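Enquirer: Sending over a structure as structure tokens; questions will come in a sec.
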Amino acid sequence: MNTHATSPAGERPLNLVVVAAGTSVPSSTRMLADQLTKATRDALARHGQDVHVTVLEVRELAHEIVDATFTRFPGDKLKVAVEEIGRADGVIAVTPTYNQSYSGLFKALFDVIEPGTLTGVPVALGATGGTARHSLAIDYALRPMFAYLKADVVPTTVFAASEDFGAVTTAADENSLASRTARVGTELGDYMLRFAGVTAGAVAPTRADAGRGRRTDDDEFGDFVPMGDLLGR
């Protein structure tokens with residue numbers, strides 16, 4: 001699903017891709033993804049920056065993901081989804097928790113994406129589960145995976161247990177789901193502006209113009225000094 005509000009002349013919206021790996025309808029995973037999306041849009045709006053949002057429901061891509069795992073060729077829907085991720089200025093990735101980790105389908109989607117696609121891309125992580133006992137799944141499983149993919153993961157993550165949805169809280173409660181998603185949205189918005197080379201209120205360049213904020217392997221090892229030189233040989 002794409003949503004787009006018109007930007008002032010001369011500006012382009014930043015591209016935000018939301019990956020929601022819930023399997024049911026309605027889904028608490030999608031609900032958390034929607035809250036993170038709203039928080040990010042609100043944060044970018046405070047900087048006068050519009051955002052184009054693409055929501056990818058992973059369950060709708062399930063068959064094509066499995067096929068691509070064996071054939072290495074994505075179907076039409078999966079190809080479009082992967083292209084959207086490749087154009088993203090920021091990604092929100094939310095998964096249900098199974099056996100203290102991400103869902104297999106969630107992982108499979110990122111397994112079929114070309115290496116380097118997420119290098120340097122700002123990513124906000126979220127997960128859902130029955131109880132808060134599973135909250136360490138983000139740091140145990142999700143964060144290492146996206147570190148391997150070389151994404152730029154924002155510091156704050158959100159785990160939402162069943163009790164978090166519909167809980168009666170006040171605006172001052174910093175541990176409420178609303179407060180936590182707002183914090184993540186603010187961080188992701190700031191990361192996206194920096195990634196796209198945008199200052200507050202400025203026009204967003206294309207990702208190509210901004211260099212996509214990516215570090216290549218040549219950049220990463222450009223200052224490498226051989227051990228022999230370090231030892232004075």
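Enquirer: Only one of these conditions is not met by residue 32: (1) part of a strand (DSSP E or B); (2) closer than 22 Å to residue 192 by Cα; (3) open to solvent by less than 10 Å² (accessible area, probe 1.4 Å). Which number is it?
Expert: It fails just one condition, (1).
Enquirer: Considering only the stretch 95-114, state which residues are out of contact with any Ser or Thr (no Cβ under 7 Å at 6 or more places or on another chain), under 16 Å from residue 140 (Cβ atoms) and either part of a strand (DSSP E or B) or of a type in the set (Phe, Trp, Tyr) (or both).
Expert: 98, 101, listed by residue number.
Enquirer: Can you tell me which residue is surrounded by the fewest Cβ atoms within 10 Å (Cβ to Cβ) among those in the stretch 49-68 that are outside any helix (DSSP H, G or I) and touching a Leu at 6+ places or on another chain (Cβ under 9 Å)?
Expert: Ranking the qualifying residues of the stretch 49-68, first place goes to 50.
Enquirer: Only one of (1) open to solvent by 40 Å² or more (accessible area, probe 1.4 Å); (2) of a type in the set (Ser, Thr, Tyr); (3) within 22 Å of residue 27 (Cβ to Cβ) is not met by residue 71, so which one is it?
Expert: All conditions pass for residue 71, except number (3).
Enquirer: Oh, and also: Pick from 88, 5: which is modelled with pLDDT under 90, among the aliphatic types (A, V, I, L, M) and part of a loop (DSSP other than H, G, I, E, B)?
Expert: Among 88, 5, only 5 is modelled with pLDDT under 90, among the aliphatic types (A, V, I, L, M) and part of a loop (DSSP other than H, G, I, E, B).
Enquirer: State the number of residues belonging to the stretch 35-48 that are outside any helix (DSSP H, G or I) and surrounded by 15 or more Cβ atoms within 10 Å (Cβ to Cβ).
Expert: Result for the stretch 35-48: 1.
Enquirer: Would you confirm whether any residue within the stretch 146-163 is buried (at least 17 other Cβ atoms within 10 Å of the Cβ), among the hydrophobic types (A, V, I, L, M, F, W, C) and part of a helix (DSSP H, G or I)?
Expert: yes
Enquirer: Scan the stretch 126-143 residue by residue and report those that are open to solvent by 60 Å² or more (accessible area, probe 1.4 Å) and without any contact (Cβ under 8 Å) to a residue 24 or more places away in the chain.
Expert: Of everything in the stretch 126-143, those that are open to solvent by 60 Å² or more (accessible area, probe 1.4 Å) and without any contact (Cβ under 8 Å) to a residue 24 or more places away in the chain turn out to be 133, 139, 143.
Enquirer: Please specify each residue of the stretch 96-125 satisfying the condition of being open to solvent by less than 30 Å² (accessible area, probe 1.4 Å) and of a type in the set (Phe, Trp, Tyr).
Expert: Matches in the stretch 96-125: 106, 110.
Enquirer: List every residue pair whose Cβ atoms lie under 9 Å apart, where the two residues are 6 or more positions apart in sequence or sit on different chains, the first residue falls within the stretch 65-87 and is under 19 Å from residue 195 (Cα atoms), and the second residue, located anywhere, is open to solvent by 70 Å² or more (accessible area, probe 1.4 Å) and at pLDDT 95 or above.
Expert: Close Cβ pairs (under 9 Å, with a partner that is open to solvent by 70 Å² or more (accessible area, probe 1.4 Å) and at pLDDT 95 or above) do not exist here.
Enquirer: Still on this model: Please go through the stretch 63-121 and give me each residue that is of a type in the set (Asp, Glu) and farther than 24 Å from residue 181 by Cα, ordered by number.
Expert: 64, 67, 76, 83, 111, 114, listed by residue number.
The values are calculated or read from the model by the stated rules, or taken from the named source; none is laboratory data. Values in this document were obtained by computation on a predicted structure and should not be read as measured data. Virtual Cβ from ideal backbone geometry, glycine too; neighbours counted across all protein chains shown. Side chains are part of the model used for accessible areas, which takes the heavy atoms of the whole protein and leaves out ligands, DNA and RNA. Shrake-Rupley method; radii C 1.70, N 1.55, O 1.52, S 1.80 Å.
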